[in-house]
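Worksheet: one structure, shown below.
The values are calculated or read from the model by the stated rules, or taken from the named source; none is laboratory data. This one's a predicted model, so the numbers in the text were calculated from it and none came from an experiment. Positions of Cβ are generated from backbone atoms using ideal geometry, with glycine treated the same way; all protein chains shown enter the neighbour counts. Ligands, DNA and RNA are stripped out before the accessible areas are found, and what is left, the full protein with its side chains, is counted by its heavy atoms. Shrake-Rupley method; radii C 1.70, N 1.55, O 1.52, S 1.80 Å.
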Amino acid sequence: MKKILDLMTEQFEQAFSRCGYDAGYAKITVSNRPDLCEYQCNGAMGAAKAYKKAPFLIADAVVAELQNNELFEKVEVVKPGFINIIASEQFLASYADQMAEDPALGFEKTTPAKTAVIDYGGPNVAKPLHVGHLRPAVIGECLKRLLRFAGDKVIGDVHLGDWGLQMGLIIEQLRSEQPDLVYFDENYTGEYPSEAPFTISELETIYPAASARSKEDEAFKERAHTATLKLQEGYRPYRALWQHILNVSVTDLKKNYENLSVSFDVWKGESDADPYIPSMIDDFIAKGLAHESQGALVIDVEEESDTKTIPPCIVRKSDGAALYATSDLATIIQRVQDYKPDEIIYVADNRQEMHFNQVFRVTKKAELAPDTRLIFHGFGTMNGKDGKPFKTREGGVMRLETLISSINDAVYEKIMENRTVSEAEAKNVAKIVGLSALKYGDLSNQSSKDYIFDIDRFSSFEGNTGPYILYTIVRIKSILEKYEASGKNAKDAVSVNKTQTPSEKALLVELVKFNDCIDAAYTELAPHRICSYIYSLSNAFNKFYHENNIMGESDEAKQSGFISLLKLTEKTLETCIDILGFSAPDRM
Ligand code: ARG
């Protein structure tokens with residue numbers, strides 16, 4: 001379906017043309033003075049300059065053309081030449097009815113559909129997920145759903161950190177703790193056990209121990225380096241051990257992401273890029289792009305227009321080891337080969353901007369992905385109430401699991417205060433509502449900005465929060481239930497009222513913005529736009545709910561119109577929260 005603003009703009013374009021003015025001035029926007037009108041057109045102001053006429057003369061002529069237009073109830077000029085617009089109730093009603101019939105609520109899929117890889121999550125094997133992993137997971141999942149809703153083919157890739165020094169550290173720490181393992185017996189030639197020599201909780205203590213030790217014990221760190229290199233070169237026992245670390249860790253990661261309703265289509269990691277590295281490096285050298293610098297191989301990426309220095313990208317260290325940038329570059333080659341993507345979106349911390357800048361520049365210089373747009377979708381830091389990066393009370397890094405349970409607990413308390421559900425149900429509902437608090441709290445901010453993680457605010461049932469949106473949905477569900485319980489069938493309600501009460505119309509005005517909102521969120525990769533849309537929509541609904549007696553309405557046709565409106569509001573809210581990556585309970 002065409003967007004409502006486009007439909008209205010078309011009418012204005014014709015009017016401008018008929019009056020002899022360029023149709024380019026006819027653009028309509030949502031009113032910034034909702035107390036005066038619903039929509040506005042400021043085109044006469046711009047046209048006045050071009051045609052050297054008083055703006056109100058132009059506006060007057062245009063408005064005269066639009067009297068009795070069935071899209072508008074009122075089109076009027078206000079001095080000096082603005083045009084205020086009130087949409088016709090009939091027009092909004094029939095638009096809403098068409099939306100209700102379409103599973104995509106009138107949003108037209110993008111053509112041609114593009115293929116996008118989204119690189120998000122980025123957990124590191126053998127390290128527990130901590131609060132820093134929340135944003136890439138939540139934002140990436142939402143972008144994946146948004147692009148899919150818009151019709152794109154999307155491949156979500158977790159891009160595991162599974163290849164770096166942490167692997168060597170774990171191997172060396174294991175050797176100290178369990179020297180008798182067959183993996184450390186150089187003369188062993190048999191099959192390696194299929195069972196891992198550690199559990200996930202053991203693994204989670206091994207890495208921190210190893211990491212702390214490497215900071216004090218140079219010799220240990222050196223051994224870890226060597227082990228990493230040997231692993232990367234394919235040394236059989238270390239590969240076997242590494243496979244165990246990977247399996248145990250990935251099983252646990254999947255469980256944790258599932259709790260966040262976050263999923264990936266592919267579980268590739270930095271290690272998967274490894275086979276592409278040697279030929280890539282040869283290519284860099286053959287193309288004359290790479291040169292030696294202090295034993296390392298580097299590529300200059302400065303450009304003349306740079307205002308700050310962009311250091312050369314190191315693609316191979318002096319000891320031959322690959323770096324973070326090397327593996328990202330090789331991964332680009334792998335992705336182009338496997339998926340031919342039109343774009344690759346990296347959801348990563350703002351602090352990695354320089355890294356991606358270097359990687360993108362090398363990609364361009366070496367023509368690794370000429371048909372692929374590389375997008376860095378950087379996100380800001382999640383801060384505590386003190387404005388500093390979020391920490392535990394003791395000042396440590398909080399595990400993601402701990403963060404999730406603390407928000408679920410806060411929501412549980414609130415649900416129990418309301419006491420509409422049993423304790424057992426409250427526990428389940430708290431998980432659903434807690435997730436909305438967490439995700440909405442994050443996504444309602446522009447991704448690139450820092451935000452303050454505030455449990456009390458995020459879990460509140462009032463204000464611009466996830467629970468408030470869910471509360472609105474639950475309220476609609478309960479009215480629909482009552483309607484059914486009164487012996488009527490909500491399915492029979494198929495069209496909204498053609499004439500409306502003021503708050504009923506205001507709700508329609510919000511509803512019909514849906515495809516405009518999704519379009520903006522999609523083109524700007526901006527989940528926060530969906531949040532602000534559903535917040536306004538929920539506010540409009542709740543006002544409508546308070547000002548109209550839905551269940552008490554004695555005119556059955558009118559009541560059925562209300563019910564249609566409720567159903568459309570619910571479907572729109574549910575569609576939006578599904579894109580955001582959470583869902584609503586039946587009661588709360
Ligand atoms: N594992 C990385 C980290 O913990 C994030 C990965 C981001 N994605 C990428 N392709 N570099 O910092």
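Exactly one condition in (1) away from the ligand (no atom under 16 Å from the Cβ); (2) modelled with pLDDT of 95 or more; (3) of a type in the set (A, V, I, L, M) is false for residue 354; which is it?
If we test residue 354 against (1) away from the ligand (no atom under 16 Å from the Cβ); (2) modelled with pLDDT of 95 or more; (3) of a type in the set (A, V, I, L, M), just (1) comes out false.
Of the numbered conditions (1) open to solvent by less than 20 Å² (accessible area, probe 1.4 Å); (2) touching a residue at least 40 places away in the same chain (Cβ under 8 Å), residue 182 satisfies every one except a single condition; which is it?
(1)
So, in segment 331-351, of the ones that are out of contact with any Leu (no Cβ under 9 Å at 6 or more places or on another chain), open to solvent by less than 50 Å² (accessible area, probe 1.4 Å) and within 12 Å of the ligand (Cβ to nearest atom), which residue ends up farthest from residue 134 (Cα to Cα)?
334
So which residues in segment 499-515 are part of a helix (DSSP H, G or I) and crowded, with 18+ Cβ neighbours inside 10 Å, if there are any at all?
504, 505, 506, 507, 508, 509, 510, 511, 514, 515
Looking at residue 219, is it surrounded by 14 or more Cβ atoms within 10 Å (Cβ to Cβ), more than 16 Å from the ligand (Cβ to nearest atom) and part of a helix (DSSP H, G or I)?
It is false that residue 219 is surrounded by 14 or more Cβ atoms within 10 Å (Cβ to Cβ), more than 16 Å from the ligand (Cβ to nearest atom) and part of a helix (DSSP H, G or I).
Considering each residue of segment 234-269, count those that are within 21 Å of residue 139 (Cβ to Cβ) and either open to solvent by less than 30 Å² (accessible area, probe 1.4 Å) or in contact (Cβ under 8 Å) with a residue 24 or more places away in the chain (or both), and give that number.
So the count comes out to 14.
Restricting the search to segment 407-450, which residues are among the basic types (Lys, Arg) and closer than 29 Å to residue 380 by Cβ?
414, 431, 439, 449
Take the residues in segment 439-477 that are within 28 Å of residue 550 (Cβ to Cβ) and of a type in the set (S, T, N, Q); name whichever of them is surrounded by the most Cβ atoms within 10 Å (Cβ to Cβ).
The selected residue is 472.
Restricting the search to segment 549-577, which residues are buried (at least 20 other Cβ atoms within 10 Å of the Cβ) and more than 22 Å from the chain's Cα centre (by Cα)?
Hits for segment 549-577 are 559, 560, 561, 562, 563, 564, 565, 566, 568, 569.
Residue pairs, Cβ under 8 Å, 6 or more apart or interchain, first in segment 312-338 and acidic (Asp, Glu), second near the ligand (Cβ under 10 Å from one of its atoms). List them.
328/273; 328/355; 328/356; 328/359
Report every pair of residues separated by at least 6 positions or lying on different chains whose Cβ atoms are under 7 Å apart, first residue within segment 105-125 and under 13 Å from residue 161 (Cβ atoms), second among the aromatic types (Phe, Trp, Tyr) and in a strand (DSSP E or B).
119/346
Tell me, which residue of segment 126-161 that is surrounded by 20 or more Cβ atoms within 10 Å (Cβ to Cβ) and among the basic types (Lys, Arg) is farthest from the ligand (Cβ to nearest atom)?
144
For segment 297-320, state whether one or more residues are surrounded by 16 or more Cβ atoms within 10 Å (Cβ to Cβ), outside any helix (DSSP H, G or I) and among the charged types (D, E, K, R).
Taking every residue of segment 297-320 in turn, at least one turns out to be surrounded by 16 or more Cβ atoms within 10 Å (Cβ to Cβ), outside any helix (DSSP H, G or I) and among the charged types (D, E, K, R).
Across segment 411-438, what is the number of residues that are farther than 18 Å from residue 478 by Cβ and open to solvent by less than 80 Å² (accessible area, probe 1.4 Å)?
Looking only at that region, the number is 9.
Return the total of residues in segment 321-330 being open to solvent by 30 Å² or more (accessible area, probe 1.4 Å) and away from the ligand (no atom under 12 Å from the Cβ).
1
Only one residue in 140, 132 is out of contact with any helix residue (DSSP H, G or I) (no Cβ under 8 Å at 6 or more places or on another chain) and modelled with pLDDT under 95, so which one is that?
So the residue among 140, 132 that is out of contact with any helix residue (DSSP H, G or I) (no Cβ under 8 Å at 6 or more places or on another chain) and modelled with pLDDT under 95 is 132.
Give me the pairs: first residue in segment 8-32 and more than 12 Å from residue 58 (Cα to Cα), second residue open to solvent by 70 Å² or more (accessible area, probe 1.4 Å) and not in a helix (DSSP H, G or I), beta-carbon distance under 9 Å, and six or more apart or on different chains, which are they?
The qualifying pairs are 9/27; 10/2; 12/27; 13/27.
Filtering segment 26-57 down to residues that are outside any helix (DSSP H, G or I) and among the hydrophobic types (A, V, I, L, M, F, W, C), which residue is surrounded by the most Cβ atoms within 10 Å (Cβ to Cβ)?
Top of the filtered list is 41.
I'm trying to understand the selection: among the residues of segment 97-125, which are away from the ligand (no atom under 12 Å from the Cβ) and surrounded by 16 or more Cβ atoms within 10 Å (Cβ to Cβ)?
99, 100, 104, 105, 106, 107, 114, 115, 116
Scan segment 419-444 and report the pairs whose first residue is acidic (Asp, Glu) and whose second residue is at pLDDT 95 or above, with Cβ atoms within less than 6 Å and a gap of 6+ or a chain change.
As it stands, the answer is 442/138, since those pairs meet every condition given.
Under the condition of being within 15 Å of the ligand (Cβ to nearest atom) and in a helix (DSSP H, G or I), which residue from segment 362-374 is surrounded by the fewest Cβ atoms within 10 Å (Cβ to Cβ)?
363
Determine which single condition residue 111 fails, assuming it passes every other condition in (1) under 30 Å from residue 199 (Cα atoms); (2) out of contact with any Lys or Arg (no Cβ under 6 Å at 6 or more places or on another chain).
(1)
Considering only residues that are assigned to a helix (DSSP H, G or I) and open to solvent by 70 Å² or more (accessible area, probe 1.4 Å), look in segment 478-498 and name the one that is nearest to residue 546 (Cα to Cα).
482
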